[in-house]
Structure formats: structure tokens, C-alpha cells
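K.L.:
Mind looking over this structure? Questions follow.
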Amino acid sequence: MKAITIRELHSATGRWVREASVLGELHVTERGRVIAKLLPAASPPPTPFFARRKLTRAFRAAQPFLAGGADSTSGISDDRDHETP
């Protein structure tokens, strides 16, 4: 655990944020009292959330029928272009 002053943090914020990712916890002090802690973010999971999803049996059975469809942006644009009476 390393401690730095708030003035040091203000003068070189980017450097200290990167240091926190390497060193771990970093304490920020003002007049000798700890006022904040910089902690490294948790590492992201190896696979994205939606790549890990589990499809239900019913959804997998319906998937062949779900392909295609109209583009909703064209319908919305058409509605916007029409004047309301």
C-alpha cells in the first residue's frame, strides 16, 4: 500500500491511476489523513456476458422461424414524415 498526497494526485492523475493498477491499493492523503483510496478495477471475464448465455429448448426450436423481418427504422421514419391532422 502506497500513500500519496492529494496535491501529487492532482498534478499527475493519469500516472497515479496507472500506478494503482500495478501496485494495487493506493491511499490519497490530505494533511496526513487518508481521504480516498484508488483501487484497480477487477479484470474483465474471459468471455462476454451474452456469449455465455444458455438458450432454452423452446427458443432453440423457434430460432429457424425468427430469421428476417422488416427494418424498424424505415417504419419509424415513415411515421415521422407524415403530418398529423
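The values are calculated or read from the model by the stated rules, or taken from the named source; none is laboratory data. None of these values were measured; they are calculated from a predicted model. Neighbour counts run over all protein chains shown; Cβ positions are idealised from the backbone, glycine included.
K.L.:
List the pairs whose first member sits in region 1-22 and is outside any loop (DSSP other than H, G, I, E, B), whose second member is charged (D, E, K, R) and surrounded by 13 or more Cβ atoms within 10 Å (Cβ to Cβ), and whose Cβ atoms are under 9 Å apart, counting only residues at least 6 apart or on separate chains?
P.N.:
What qualifies is Lys2/Glu19; Ile4/Glu19; Trp16/Glu8.
K.L.:
Going through Val28, Val34 one at a time, which residue ends up being touching a His at 6+ places or on another chain (Cβ under 7 Å), aliphatic (A, V, I, L, M) and modelled with pLDDT of 90 or more? Working first, answer last.
P.N.:
On the way: Val28 fails: touching a His at 6+ places or on another chain (Cβ under 7 Å).
That would be Val34, the only listed residue that is touching a His at 6+ places or on another chain (Cβ under 7 Å), aliphatic (A, V, I, L, M) and modelled with pLDDT of 90 or more.
K.L.:
Looking at Ala70, Ala61, which one is assigned to a loop (DSSP other than H, G, I, E, B) and not aromatic (Phe, Trp, Tyr)?
P.N.:
Exactly one of Ala70, Ala61 is assigned to a loop (DSSP other than H, G, I, E, B) and not aromatic (Phe, Trp, Tyr), namely Ala70.
Residue by residue, here is whether (1) more than 30 Å from Trp16 (Cα to Cα); (2) of a type in the set (Asp, Glu); (3) loosely packed, with under 10 Cβ neighbours inside 10 Å holds:
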{"position": "Leu38", "(1), (2), (3)": "no, no, no"}
{"position": "Phe65", "(1), (2), (3)": "yes, no, yes"}
{"position": "Ser77", "(1), (2), (3)": "yes, no, no"}
{"position": "Asp81", "(1), (2), (3)": "yes, yes, yes"}
